[in-house]
1. Among the aspartates and glutamates, select those whose C-alpha is under 18 Å from the C-alpha of LYS161, and discard any that sit fewer than 8 residues away in the same chain.
2. Would you mind checking which residues have amide H under 5 Å from ILE159's amide H? H placed 1.01 Å from N; only 5 or more apart, or other chain.
3. Report the full-extension gain for the segment PHE171 to LYS129: residue separation times 0.36 nm, less the Cα-Cα distance, to one decimal in nm.
4. Given bins 10 angstrom wide, list per bin the percent of all Cα-Cα distances in segment 81-196, short to long.
5. Taking the beta-carbon count within 10 Å as an exposure proxy, list MET79, MET192 from fewest neighbours to most.
6. Full extension from ARG204 to GLU140: what is 0.36 nm times the residue separation minus their Cα-Cα distance, to one decimal in nm?
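FYI, it's all coordinate maths here, none of it is from the lab. Source: prediction; values computed, not measured. Heads up, the Cβs are rebuilt from the backbone with ideal geometry, glycines too, and the neighbour counts pull from every protein chain shown.
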Amino acid sequence: MCQTKLNFGPFSLKNEAFKRKHNRRRNTAFCINGYQGTGIQQILKSLDIPKGSFYNYFKSKEDFVIEAIEQYSGKGLKMHQAALSDKSLTALNRIARKLEETQQKYISENFEKSCLLDILAIEVSGGNKKIADLIDEIFERRRQIYSVCIQEGQELGEIRKDGKAVDLAEFILSGYSGAQLKAKTEKSIRPMKNFANHSIKYLRA
């Protein structure tokens, strides 16, 4: 297991206020164009800073990406945790609602954006161990959040018990990531809705 320390608090470098202000612009650039398709010039334009100023804020493009991952995943993990620990719904209904929320997000963004972690996992992690380890740790933490929810459903007899909770969580997350990529290429919610519907039926006891 990767031991990379995640920093979900204020950025460690100088000019934290500046970087917090521009988090959304930065992540949007990567979510739409990917890592390889987002050059320094596009980054400068999205942040509205002169070329000579970039390295006053970031050590390198890699450092820029790592901070984007930390900020994006910190918010995302909190949202997953809140949604999947909501005791007002059954465990299975929590999962179904979270999958539906993701579908609505893709629709609202007109399928122009993808999950930042999925994009970077495909484009960068194979050639950058530091980024790969960081993304792997975040995926593991997200899987654990789903696993806890699924185990609760198994204990209450709502979710099937013929599989380990952690393996069922992996099935949901890996399958849905593929469905999200397919939805983007089709510009249709069909792949995500199809996978969500069948996976919920599969999980039900």
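1. Candidates past the 8-residue exclusion: GLU152, GLU170.
2. Here GLN154, ALA205 satisfy the definition.
3. Details: separation 42, 0.36 × 42 = 15.12 nm, distance 2.45 nm.
Going from the current span to full extension adds 12.7 nm.
4. 13, 39, 35, 11, 0
5. On the way: MET79 12, MET192 24.
Sorted ascending by nearby Cβ count, the order is MET79, MET192.
6. Working: separation 64, 0.36 × 64 = 23.04 nm, distance 2.34 nm.
Extra length from ARG204 to GLU140 when fully extended: 20.7 nm.
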